[in-house]
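Chemist: Okay, here's the structure, questions in a sec.
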Amino acid sequence: MGRVFFNTRFNIHDLNAAYTVLDSDSGKVFMLSSTGGAYTITLPTAPVEGFNCKFVVDENTPTGDITITAGSAIVDLVMKDAGGNASNSTAGTQKTTIVLHTECTKGDYVNLFSDGTSYYAEAMSAIDDAIDHTAQ
């Protein structure tokens with residue numbers, strides 16, 4: 001029997017300015033830097049079941065906040081920092097944004113997926129309060 005190989009490499013996309021995520025971006029890993037200052041990433045307003053992507057901070061202490069907005073869609077965020085603090089989680093109250101603040105460090109991330117109705121996000125940061133769902 002022949003061997004079958006599948007392309008299992010991540011589809012990486014660098015971002016350093018405003019971007020509107022497409023349904024076809026499902027499965028991508030977005031590497032985020034803010035060399036040009038603060039910007040917004042806009043998710044599809046009609047979540048598609050099974051949509052998923054990951055946002056990874058690619059620099060230490062970005063120069064501007066990076067906001068991920070779901071527009072009219074809603075996001076449930078579960079956030080943990082390296083010390084286990086989950087105070088920035090949405091705690092059952094859905095929000096429309098996730099903010100990666102300038103306190104983020106390289107490697108902090110947000111995993112995002114949709115059930116077709118809402119977006120669900122899990123975030124991890126080395127710094128308390130570096131990622132949450134509000135402006136500081």
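The values are calculated or read from the model by the stated rules, or taken from the named source; none is laboratory data. What you are looking at is a predicted structure, and each value in this text was computed from that prediction instead of being measured. Cβ sites come from the backbone with ideal geometry, for glycine too, and all protein chains shown count toward neighbours. With ligands, DNA and RNA removed, areas are computed over all heavy atoms of the protein, side chains included. Shrake-Rupley method; radii C 1.70, N 1.55, O 1.52, S 1.80 Å.
Chemist: Tell me, what % of the accessible area of the chain is carbon and sulfur with a 1.4 angstrom probe?
Modeler: The value for the chain is 53 percent carbon and sulfur by accessible area.
Chemist: For the chain, calculate the relative contact order in percent as a whole number, restricting contacts to Cα pairs under 8 Å that are 6 or more residues apart.
Modeler: About 24 percent, as a whole number.
Chemist: Sorted by accessible area with a 1.4 angstrom probe, largest first, how do M79, M31 fall?
Modeler: These residues rank, largest area first, as M31, M79.
Chemist: Compare V48, V78, V99 by solvent-accessible area with a 1.4 Å probe and give them largest first, with all protein chains kept in place.
Modeler: Ranking V48, V78, V99 by accessible area, largest first, yields V78, V48, V99.
Chemist: Just add up the charged neighbours of V110: K/R +1, D/E -1, any other residue whose Cβ is under 9 Å from the Cβ of V110.
Modeler: -1
Chemist: One-quarter of the Cα convex hull surface for the chain, in nm²?
Modeler: Convex hull of Cα atoms, orientation-averaged projection: 9.4 nm².
Chemist: May I pose another question? So with the 1.4 Å probe, I'd like the accessible area per residue for the chain, rounded to whole Å².
Modeler: For the chain, the solvent-accessible area averages 52 Å² per residue.
Chemist: Using a 1.4 angstrom probe and counting only protein chains, how large is the accessible area of H13 in Å², to 10?
Modeler: 50 Å²
Chemist: Counting Lys and Arg as +1 and Asp and Glu as -1, each charge on the Cβ, what is the dipole of the chain about the Cα centre in debye, to the nearest 20?
Modeler: 440 debye
Chemist: Sort out the exposed loop chymotrypsin sites (Phe, Trp or Tyr not before Pro) in the chain (DSSP loop, at most 15 other Cβ within 10 Å) and tell me the longest stretch that has none.
Modeler: 11-136
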